[in-house]
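Structure first, then comments.
The values are calculated or read from the model by the stated rules, or taken from the named source; none is laboratory data. For clarity, every value in this text was computed on a predicted model and none was experimentally measured. We place every Cβ from the backbone using ideal geometry, glycine too, and count neighbours over all the protein chains shown. Heavy atoms of the whole protein, side chains included, go into the accessibility calculation; ligands, DNA and RNA do not. Shrake-Rupley method; radii C 1.70, N 1.55, O 1.52, S 1.80 Å.
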Amino acid sequence: MKHNLSQIDSKINKKSIFINKDNLSYNYKLIQRHVRKSKVISVIKGDGYGHGLLECCKILKTSNCNDFYVARLDDALRLRENHKNINIYLLSGIIKKNDVKEIESKKIIPIINSPEQLDIIETSSKKLNYVLHIDTGMNRLGFQIKNLEENINNIDFKRIKFVMSHFSSADDLNKNECNNQLKNLLQFKRIFNKPLSIANSAGIFLNRKYHLDFVRPGKSLYGINPFNKKNYKLKQVMSIYAPILQVTDLKKSQTIGYSQTFKTNKKIKIATIDFGYSDGYLRSGSNRGKVFIDGIPCNVLGRVSMDLITIDVSKVPMKKLYLGKPVEIIGINQSYEKIAYDTETNEHEILISLGRNLSRVYF
């Protein structure tokens, strides 16, 4: 993921997220080719996994994507306000009867997850189409199979656009569990005679038989390979840079940061950068994480602070250590997977957390 360095240097007094529009488009097209005739519903919940809800929608529309998946009604309404001719699927479904009229008028397609939601939609609207969500093993959202059988006579089949479920263990390469969930979902094909969907990003790349009629990629859109140590030629979309605020020489036996969690065992040079846990860099990266200056790795030293991180720049040439020098938090040298490992979390949390206070630059 290459950037125009002069563009980055022009932001030396301002930490920024850089979003590569071409890479997002490329990932969508790669996924669509991979699933062949199955239709892709792009998951842009969580503010587009931290990449920007509205901009991601705009970019994906230019790649001929017309179907989008969000978690909450506020996001669905914001999306509709800015994009009139797209299909918007609402994961949380209908929570209040008072929302039905607005959902219907804005042509939002709710996911119906429970008997209570089914009752709301069947008693409050005769026109609103929806997606029926069946829980085949995730035990999070969706009709339990027993409850669905009990409510089958209350369902207007004509209003169902498709029937969906969600894998619990595709990320773990657990094909046995995925096959069980698929089997549970397929039994409803003959009952409803509707299109089916079960595959998330991991399911998409785990086995073609999981593609069915619709797939719902999330993290793979943004360049996260679903399985560690496997490469599906996805391209990382986000990079983050933060400026150097100060460079200091330390002697042996000096400590760094709160609680003195790091003590030098020799003379070193350190830099303090304008980034911290208020920007979403987890404190678990203290004394574990790594950043890069022009490709040179620099270890995080001491406790990560609210707005500051201290790094070891002993191996960086002095000409690169100036006030405002951009330091790579995520980018060509630092993948989502690497920083997630260093901070003891997963890539999803990294994408959602990092850059909360940062301006986005789309290029």
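Computed values, structure above
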item	result
Subset of segment 207-227 [closer than 30 Å to Phe157 by Cβ and either outside any loop (DSSP other than H, G, I, E, B) or free of Cβ contacts under 8 Å to residues at least 60 places away in the same chain (or both)]	Asn207, Arg208, Lys209, Tyr210, Phe214, Val215
Elements of type helices (runs of 4 or more DSSP H) contained in segment 27-115, each with 2 or more residues being within 17 Å of Gly218 (Cα to Cα)	45-49, 53-61, 73-82
Members of segment 142-153 found to be outside any helix (DSSP H, G or I) and either touching a Ser or Thr at 6+ places or on another chain (Cβ under 6 Å) or buried (at least 16 other Cβ atoms within 10 Å of the Cβ) (or both), listed by number	Gly142, Phe143
Conditions (1) of a type outside the set (Lys, Arg); (2) within 21 Å of Lys39 (Cβ to Cβ); (3) out of contact with any Gly (no Cβ under 9 Å at 6 or more places or on another chain); (4) open to solvent by less than 10 Å² (accessible area, probe 1.4 Å): number failed by Ile111	(3)
Pairs where the first residue, in segment 337-363, is on the phi < 0 side of the Ramachandran plot and among the small types (Gly, Ala, Ser) and the second is surrounded by 15 or more Cβ atoms within 10 Å (Cβ to Cβ) and in a helix (DSSP H, G or I), C-beta under 7 Å, 6+ apart	Ala340/Glu347; Ala340/Ile350
Strands (runs of 3 or more DSSP E) (entirely within segment 270-363) containing at least 2 residues that are open to solvent by less than 10 Å² (accessible area, probe 1.4 Å) and over 19 Å from Asn20 (Cβ atoms)	290-293, 309-312
Which numbered condition Asn180 misses (of (1) more than 13 Å from Tyr210 (Cβ to Cβ); (2) of a type outside the set (A, V, I, L, M); (3) open to solvent by 60 Å² or more (accessible area, probe 1.4 Å); (4) touching a residue at least 40 places away in the same chain (Cβ under 8 Å))	(1)
Hits in segment 154-185 (condition: closer than 22 Å to Tyr69 by Cβ, of a type outside the set (Asp, Glu) and in a helix (DSSP H, G or I))	Arg159, Ala170, Cys178, Gln181, Leu182, Asn184, Leu185
Selection status of Asp312, of a type in the set (Asp, Glu) and touching an Asp or Glu at 6+ places or on another chain (Cβ under 9 Å)	no
Residue count for segment 246-264, restricted to those that are assigned to a strand (DSSP E or B) and either on the phi > 0 side of the Ramachandran plot or open to solvent by less than 80 Å² (accessible area, probe 1.4 Å) (or both)	6
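Matching residues to (1) farther than 29 Å from Tyr362 by Cα; (2) under 27 Å from the mean Cα position of the chain (by Cα):
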{"site": "Lys235", "(1), (2)": "no, yes"}
{"site": "Ser239", "(1), (2)": "no, yes"}
{"site": "Asn287", "(1), (2)": "yes, yes"}
{"site": "Asp294", "(1), (2)": "no, yes"}
{"site": "Leu301", "(1), (2)": "yes, no"}
{"site": "Leu321", "(1), (2)": "no, no"}
{"site": "Tyr336", "(1), (2)": "no, yes"}
{"site": "Asp342", "(1), (2)": "no, yes"}
